[in-house]
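No lab work stands behind these numbers, since they all come straight from the coordinates. For clarity, every value in this text was computed on a predicted model and none was experimentally measured. In this analysis, Cβ positions are derived from the backbone assuming ideal geometry, glycine residues included, and neighbour counts consider all displayed protein chains.
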Amino acid sequence: MKLIIAEKPQLAQVIAEAIGIISPKTGYFECKNNYVVTNAIGHILMQKMPEEINEQYKEWRLEDLPLQVRPIPLKVKPQTAEQFKVVQGLLAQADTVINAGDPDDEGQLLVDEIIEFCQFKGVQQRLLVNDLKVESAKKALANIEPNSKYLGMRNKALARSQADYIFGLNLTRAYTIFARKKGIKNALMVGRVQTPTLALIVRRFLQNRDHKESYYYNIGGNFTFNQTSFNAKLVLTENIPTDPNNEKEKRIIDEAIANGIKTACEAKSVTLSAVTIEDKTTSAPLPFSLLDLQVRLNNKYGFSSDKVLKITQDLREKHKAITYNRSDCRYLTDDQFNEAPQTLDFLTDLFPELPKEQVDKTKKGRAFNANKVTAHTAIIPVTGKYQLNDFTQDELKVFTEIATQYFIQFLPEKSYQQVTAIVACNGYQFKTTATKTLNHGWSKLVADDDVEEENQSDFEQLASLTEQAQGQCNRIEIKKEKTKPLPIYTEATLLKDLQNISKYVKDPDIKKLLIDKDKGKDGENGGIGTPATRSAIIKKLVDTGYIEYQGKKILPTDLAIDFIGSLPDIITYPDMTALWFEQQREIEQGNLSVNSFLDRIEKFVMEQIKQAENLKVELKGEPCECGKGVLILRKTDKGTFFSCSSYPECKVIKPALNNGPMPNCPCCNGNLKGNSAVIECEKCGLKIWRKLMNKTLTDSQLLALITKGKTPLIKGFTGKSGKEFEAYAKLNKAEKKVELDFPVKEMKVVKVKREEFLHFK
C-alpha cells in the first residue's frame, strides 16, 4: 500500500480526488491503484515540556539551567490524538509513504516527524502540491520524487524549532526566577521573535513619549507667468544647507538660511526652466498575502490580525471560498490564470455591482508570475457552492476585500497625465506638479494611495505654460514647522515594520543576512516571523500583560518597558534571527549538522543566563489593602481581574474596571463585584446597572459614578417615547440608587429698549 500523508484535510481531499476515490473512511480515503490518502491537521505532534522529560524540572531553579533536554522528544497533541491514531495505523500497513506536506521547510518537517515518530521503515517519497486544485494535484502525482532529496529542508526546520525551544524556555525561566526575587509573579516570557517584536513596540513608544520638539522651515513661493499664478515648493538642492543630523529627511533648520532664500527670490524675476507632461499608468495592486490583508482590514475596519486570521481560516475551511489563507505570497500561477474566466463569471454573479463590462479575461497582469510563487500563492477567491448570505457580516467584509483585490487584476490600468513645472530664481529651484486622470480603471474599486489628489484646473493652467517663459516671484512664504515624533504603533503599522525589521539593524552584514533570508518573497524585506505567527505573537504579548490597546494604538505596559530595558541587545534586536539563518542555510546545504548548531545555541544560552542577573524590573500598581503587595492585572480563561502580587499569601481579588482595579463601594467601603449587566456590593447590596434609560454606560462613566458620585454629561439616553436626551448619572448614596441629574438651562438675556418696556407694562 502507498500511503500519502497530506498536511491538512483539504489537501488530502484534493489529492484523493486526483487519484480517484474508491471509498471515503474516517480520517482517510481508499483510492485507486493501491493508494490511501490521509492527513495531519497541521502539527499533530508537539515537543514535550521540560518537566515531562525530567521530573525535577517542575520546579524552576537557576542551578538547573541550561536544561538538559536533548534530543527533545515529541508527544501526540491531545486535540489531534484521534487523527494521529488513524495515521499511525495506516503507516503500520504501508510499504511506501509519500510526504505531502506544504512545499516549504515547515511542511517538510511536519510530515517527516510523523514518519520518524512512528518508526516507519519503508520507502519514503515526496509530493509537492502548490494549491488546492485537482488538476495541480494530478500534475504533482506525475512528478513524485524521493523524500531524501528534501532532507536539508527537514533539518533546517528541525534546527530552527529546537533552537527556539532551547532559547525560549531557558531564558524565560532565568528571567522569571530573578523577577520573582523582586516580587513579580508573572512569567517573563522570552522568545526569538516575540522579544524583538515587543522591543520594537517599546522603543517606538519611548521615542514618541520622549520626543523633543525642534523646528524646521518649509519654503514655498507664488509665481506668475503670463497672468497664470501658481504655488511651488522649494527644491532642496545641494547648495542649500540642511540638518546635518538627518540625512534621510532633508530639512532647513536655520531660520537665517530660510530668510536668505526669501530675500534672494521675493519680488524677483524668474524663469520657467522646465514644463513636462508625462503619460503615466498605474497597475492594480497585487492580490493579498495574509499580512497585506491584515493591514487592509485593520486600517479599514479595525480588525485585529488574529481576527483576520481566524476569519480567513473559516472562509477557507468552512466555506471553501478562498485559497490557502496563511500565504506570504502575492503572486499567482499559470493554472490560476487559465481558471480566471470561470472565477470572474462566478464573482460577477455574486457581486452584480462589479463592472463586468470592463473586465478583460485575457489580461495576464504582473500578478501571474509563477517564478515568484513560493510555497503558496496569493489569497484569492475560488468557485464553489457558497453564497454571500452564508457569511457572517465580518466574513463578508473580509471576503469582499479578497474578491475585489483579485477582480481588479483584470480591469484596465489607471492612466493619467502628470505635468511638472520647475521655476528658476537666483540659483534656487521651485517645483510643482498636477495630475489629470484619463481612465480611472481599477482605481474605481480600490483607492490608489500612490497618486496625489488631482486638481483639473491646476493641470490645465500648468500645461498651458511654455519653457523659458519669464515671470515674477510675487511672494515667498516661510512656514515654521514642528518636528513630529514617530506615531505609536497600530497593528497595521507594526505588521508592516515586522516585514522590514532589518531597517532597524545597524550592522550592515547582519542587515544583509536578514534581507537575503527573504529573497524571492514579495513584500518581505528582512522581516521576522511569518504572516501567520505574527498575529499569534501580538495576541500572546497581550495575554502575557506586555502590551495593551488604547483604541487602535498598541502601548507597552510598565513591566514591558522595564523588561526590555534590562535585556541585552542581542535578544531585543533581530540580529539573532539573521545569525541563525546563516547557520541554518549551512544545515540545509549539508555543511553543518543539526547537533553542532544546537551545541552552539546551548553555549550562547548559557552566556545569556548569566546576564539575567542584571534584570531591573519594578513591581508597579495600586497598593493592596494587605499592605504587602500591589494589585496587578491577571488574564485567565475565566476573565480579566486584579489580584495581589503577594498571592497566595494574600488572596484579595478585584474585578477590572476601565483598565484598573474596581474601587470599593462608595456607600460602605465593601467589595464591589461586576459582570456585563451590573456592579453590586457584597456587603450593603448597592446595585449599579450598566444599562440606564436604554443607554449602556462605559467603564469610564461607571468609574466616575463610583469614585466621584456623578458622571460627565451623557448623551443618548432615551425615554419611553423614544426621544433622546442628555443628563448626568448621579449616585444617591442614602437610597443606594442611581438617578438622573439634568443640566440647568442657561436663561437667555434679552436687551429691551425703555420705550418697549413701557409699552409692555
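Partners of Lys480 within straight-line reach, counting aspartates and glutamates whose Cα lies under 15 Å from its Cα and excluding those fewer than 8 residues away in the same chain: Glu213, Asp243, Asp254, Glu255. Under 16 Å of direct C-alpha separation, and excluding same-chain neighbours fewer than eight residues apart, Lys300 reaches these lysines: Lys397, Lys496, Lys552, Lys553.
Report the calculated FRET efficiency for Lys479 and Val134 (r = Cβ-Cβ distance, R0 = 60 Å), to the nearest 0.05.
Details: r = 63 Å, r/R0 = 1.04.
The formula returns an efficiency of 0.45 here.
Once the Cβ-Cβ distance between Ala187 and Ile277 is put in as r, and R0 is 41 Å, what FRET efficiency do you end up with, to the nearest 0.05?
Values: r = 64 Å, r/R0 = 1.55.
Here the calculated transfer efficiency is 0.05.
Counting helices only, and only those DSSP H runs with n ≥ 4, report the 222 nm mean residue ellipticity of the chain as the sum of -39,500 (n - 2.57) divided by its residues, in deg cm²/dmol to the nearest 500. Taken over the chain, the calculation gives -10500 deg cm²/dmol.
Over all distinct Cα pairs, what is the inverse of the mean 1/r for region 1-132, reported as the Kirkwood hydrodynamic radius in Å? Evaluated over region 1-132, this radius sits at 15.8 Å. By the Stokes-Einstein formula, at 1.002 mPa s and 20 °C, region 297-342 with its Kirkwood radius over alpha-carbon pairs has D equal to 174 µm²/s. Going by neighbour counts of Cβ atoms within 10 Å, the residues His319, His376 line up, fewest first, as His319, His376. Once the mean of 1/r is taken over each pair of separate Cα atoms and inverted, region 367-505 shows a Kirkwood hydrodynamic radius of 20.8 Å.
For a modelled paramagnetic label at Asn34, 7 Å from Cα along Cα-to-Cβ, the residues of region 120-146 in reach, with backbone nitrogen under 16 Å, are 122-125. Sorted from longest to shortest, the spans of the Cα atoms of region 532-577 along the three principal axes equal 31, 28, 16 Å. In region 622-741, a dipole from Cβ-located charges (positive for Lys and Arg, negative for Asp and Glu) runs towards its positive end, and of Met693, Phe642, Leu731 it is Met693 whose Cα lies farthest in that direction.
Are there GluC sites (Glu not before Pro) in region 1-78 that DSSP puts in a loop and that have at most 10 other Cβ atoms within 10 Å, and which ones? Present the calculation step by step, with values, prior to reporting the outcome.
On the way: sites: Glu7, Glu17, Glu30, Glu51, Glu52, Glu55, Glu59, Glu63; in loops: Glu7, Glu59.
Of the GluC sites (Glu not before Pro), the ones in loops of region 1-78 whose Cβ has at most 10 other Cβ atoms within 10 Å are Glu59.
Each DSSP beta bridge with both residues in the chain is either parallel or antiparallel, and the antiparallel ones are about 85%.
So if each residue of separation counts as 0.36 nm, and I subtract the Cα-Cα distance between Ala734 and Lys651, what length gain in nm does that give?
Details: separation 83, 0.36 × 83 = 29.88 nm, distance 3.11 nm.
This chain segment gains 26.8 nm when fully extended.
Please work out how much length the chain gains when fully extended from Val630 to Lys708, using 0.36 nm per residue of separation minus the C-alpha to C-alpha distance, in nm with one decimal. All intermediate terms of the calculation are to be shown ahead of the outcome.
Details: separation 78, 0.36 × 78 = 28.08 nm, distance 2.32 nm.
So the chain would gain 25.8 nm between Val630 and Lys708.
Over the chain, what portion of Cα pair distances is larger than 50 Å, expressed as a whole percent? Please report the intermediate quantities before stating the final value.
Details: 98902 of 289180 pairs.
Cα-Cα pairs in the chain separated by more than 50 Å: 34 percent.
Among Ile515, Asn389, Leu350, flag the residue with its Cα farthest along the positive direction of the charge dipole of the chain, charges on Cβ as +1 for Lys/Arg and -1 for Asp/Glu. Most positive-ward Cα: Asn389.
Cross-link partners of Lys708 among lysines, defined as those whose alpha carbon lies under 26 angstrom from its own and excluding same-chain residues fewer than eight positions apart: Lys620, Lys654, Lys673, Lys683, Lys687, Lys691, Lys695, Lys730, Lys733, Lys736, Lys737, Lys745.
Both numbers refer to the Cα atoms of region 290-410; Rg and Dmax are 13.7, 37 Å. State the percent of C-alpha pairs, over all pairs in region 448-586, separated by a distance greater than 27 angstrom. Above the 27 Å cut-off, region 448-586 has 46 percent of its Cα pairs.
Amide H contacts for Glu548 (H built 1.01 Å from N in the peptide plane; partners 5 or more residues away or on another chain; cut-off under 5 Å): Leu555, Thr557.
Across region 289-302, coupling constants 3J(HN,Hα) worked out from phi with the 6.51/-1.76/1.60 Karplus curve, θ = phi - 60°, read 8, 4, 4, 5, 5, 4, 5, 4, 6, 5, 5, 7, 10, x Hz, and Gly and Pro carry x. The eigenvalues of the Cα gyration tensor, multiplied by 5 and square-rooted, give region 622-741 an equivalent ellipsoid with semi-axes of 30, 15, 11 Å from largest to smallest. Restricting the trypsin sites (Lys or Arg not before Pro) of region 629-695 to loop positions (DSSP other than H, G, I, E, B) with no more than 16 neighbouring Cβ atoms within 10 Å leaves Lys638, Lys651, Lys683.
With an 8 Å cut-off on Cα pairs and a minimum separation of 6 or more residues, tell me the relative contact order of the chain in percent. Relative contact order for the chain comes out at 13 percent.
Calculated on C-alpha atoms, the gyration radius of region 68-123 divided by its Kirkwood radius gives an Rg/Rh of 0.98. Remark: relative contact order (region 52-137) = 24 percent; criterion is Cα-Cα distance under 8 angstrom and separation of 6 or more residues.
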